[in-house]
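Colleague: The structure under discussion is supplied below as structure tokens; questions concerning it will follow.
The values are calculated or read from the model by the stated rules, or taken from the named source; none is laboratory data. Model, not experiment: these values are computed from the prediction. Here Cβ is always computed from backbone atoms with ideal geometry, including for glycine, and neighbour counts include all displayed protein chains. The accessibility values were calculated without ligands, DNA or RNA, using every heavy atom of the protein model including side chains. Shrake-Rupley method; radii C 1.70, N 1.55, O 1.52, S 1.80 Å.
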Amino acid sequence: MAFSGALTLTDLNDFITPAQACIKPVEQKDPVPQERDSGAATTEIMIDSSGAYYEVSNGAGTVEPASNKKLAQAQISLNDCLACSGCITSAESVLITLQSHTEVLNFLAENSQLPQEQRKITVVSIAPQSLASLAASLPSTSSSAEPITLHEVLQRVKAFCQTVLGFDYVFDTTYARELALKEHLKEFLERKEADERGEEGQLPMLASACPGWICYAEKAHAEMLPFIAKTKSPQQVMGTLVKKWLGPKWGRTPDGVYHVTVMPCYDKKLEASRKDFYDEIYATRDVDCVITTGELELMMQEKRWDLSAAIRAPERQIDGEELGKQEQYVPELVVQHGGSSSGSYLQSIIRHLQDNAQAEVEVSVKMIRNADYEEYTITKGDKVLFKGAKCYGFRNLQNVVRKVGKERGVRTGMGAAGRMAGRRLAGTTIKKENKKYDYVEVMACPGGCVNGGGQLKPKTMQIDNTDWGDGMPSGKWGDKEWTRKVEEAYWRSGKGDENYKLVDLDWKDLRTEYRAVESEVVGLAVKW
């Protein structure tokens, strides 16, 4: 007898422990009398035959619906489940507990006590989405009605990190983002050529910058791994720049530099802890510690730093002998890209195809379900040249996974049922008349990176029942109005470097690999 893949026992685990026991209590009709402790609670929770929960007087022994308080059943939404990071493995949980603002403060204190020749160079890199969250939390300047720009916030963060915390260098990650976009486009063109030669598992290329999506795919949808881009995220490209490019210019090996990043997402801690980004030779990671935007704000509060106070912008952080040599420093807040506030991976590909088209082409946008799921099509006359999508939020993401699997003839199941990477379904026929996706910009959070779980929350939240399109009401994580405010702040970059050139790094330093994560739980060993 064949069972549905959705009903296999191997899917009934969450990667937390090697064994699970049933937690539903056994109904006991004749309870054993027990002596009551003088400090015991006066009420207890009991369950009736229908499974409803009631708060009853301690020792009552029976449930009387008319005289006892019926308790509401706890509701856990998809966002609650996936935002808690509870599905990480025990090994991963150990790694990310080592990454916190307390660890950063402890290291800085210890490093400052060492002799000068033994001290590590300390560097902090901050994501533009984190700068946008900080900017959105600040009031407009008193001298002008103009809102605060990312450039102004960056200068204030620099001053705090250098004068109060003692960091040697403070950068933003926009330059690393441009390097990632360049390599991302290069990989897409390589995959497109391979797909035209008939190679499977090439298109659609799925964005790889979101660690939440990568973690989910490795554990639940291994069949999608061949389609995920191998280009590193801006955070890890920044790690490569700091440890392998800037480090030698400072006369330091990778283990002689301590690199901290400020990110809008807790999953970035997990990304930095991946063994792919660990240097075995020097026993160091590309990114030593990741803190969230909220943790940075907490550090400022603990140090009594007023981010709303304007400061004079410091001079650029380069040594005298490096003046005039652009390649000796990291340009800051490079000219903003068009597209999305999550890196604009899809837009960079569309822009390239437009610029290199031999004839005039038309770009059309179609909203599929909401603003977090849109399709982009490039056409020349009646011919479709390119079809891509922007997909934010897990609910939309799961729909895209099913769509990609259907288009490419790949089975997309959960757990063991879905571990058929690259395998076509037997007897599957794919319609040729409809253009398939060539690329999908995937982000796990609704609204993208500006709405990351590590971002600042609005000072006051008005909770209502407004549906945000992803099962998430306004006023909770991802408050609709607050996310819009952070999005607006993201595009106010202010001053930035316009005349810059991208360094040439080995492609091996810009790409990584992914692998399916098998559960340690044996389905048949689960206790029920």
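Colleague: Going by the conditions given, is Lys435 at pLDDT 50 or above, open to solvent by 40 Å² or more (accessible area, probe 1.4 Å) and over 24 Å from Ala132 (Cβ atoms)?
Modeller: Taking the combined requirement at face value, the residue satisfies it.
Colleague: Could you identify the single residue in Ala272, Ala222 that is hydrophobic (A, V, I, L, M, F, W, C) and under 30 Å from Asp195 (Cβ atoms)? Break it down stepwise before answering.
Modeller: Details: Ala272 fails: under 30 Å from Asp195 (Cβ atoms).
Just one listed residue meets the conditions, Ala222.
Colleague: Cβ-Cβ under 6 Å, sequence separation 6+ or interchain: first residue in the stretch 501-520 and farther than 20 Å from Glu332 by Cα, partner surrounded by fewer than 16 Cβ atoms within 10 Å (Cβ to Cβ) and modelled with pLDDT of 85 or more. Which pairs?
Modeller: Thr512/Asp276
Colleague: Any residue in the stretch 106-117 that's hydrophobic (A, V, I, L, M, F, W, C): show its pairings with residues that are not in a helix (DSSP H, G or I) at Cβ separation under 6 Å, as long as the two are six or more apart or on different chains.
Modeller: From the stretch 106-117, the pairs are Leu108/Gly166.
Colleague: If you don't mind, there's one more thing I want to ask. Looking only at helices (runs of 4 or more DSSP H) that lie completely in the stretch 178-280, which have at least 1 residues being out of contact with any helix residue (DSSP H, G or I) (no Cβ under 9 Å at 6 or more places or on another chain) and open to solvent by 20 Å² or more (accessible area, probe 1.4 Å)? Quick ask: steps written out before the conclusion?
Modeller: On the way: elements: 211-220, 234-240, 267-272.
Per the criteria, no element qualifies.
Colleague: Being among the β-branched types (Val, Ile, Thr) and touching a Lys or Arg at 6+ places or on another chain (Cβ under 6 Å) is true for just one of Val242, Val257, Val262. Which residue is that?
Modeller: Val257
Colleague: Out of all the residues in the stretch 87-134, which are at pLDDT below 80, within 21 Å of Gly453 (Cα to Cα), aliphatic (A, V, I, L, M) and part of a helix (DSSP H, G or I)?
Modeller: Within the stretch 87-134, Val94, Leu95, Ile96 meet the criteria.
Colleague: Go through the stretch 148-177 and give me each residue that's under 19 Å from Trp245 (Cβ atoms) and either open to solvent by 20 Å² or more (accessible area, probe 1.4 Å) or not acidic (Asp, Glu) (or both).
Modeller: Phe167, Asp168, Tyr169, Val170, Phe171, Thr173, Thr174, Tyr175, Ala176, Arg177
Colleague: Same structure again: Pull up the stretch 307-354, narrow it to residues that are at pLDDT 80 or above, closer than 24 Å to Glu146 by Cβ and among the small types (Gly, Ala, Ser), then point me to the one that is surrounded by the fewest Cβ atoms within 10 Å (Cβ to Cβ).
Modeller: Top of the filtered list is Ala309.
Colleague: So, in the stretch 480-521, of the ones that are surrounded by 14 or more Cβ atoms within 10 Å (Cβ to Cβ), aromatic (Phe, Trp, Tyr) and at pLDDT 85 or above, which residue ends up farthest from Pro458 (Cα to Cα)?
Modeller: Going through the qualifying residues, I end up with Tyr514.
Colleague: Further question on the same structure: Just to be sure I understand the filter: pairs with C-beta atoms under 7 Å, separated by 6 or more residues or on different chains, first member in the stretch 378-403 and part of a loop (DSSP other than H, G, I, E, B), second member crowded, with 21+ Cβ neighbours inside 10 Å. Which pairs pass?
Modeller: Gly393/Asp372; Gly393/Cys445; Gly393/Pro446; Gly393/Asp470
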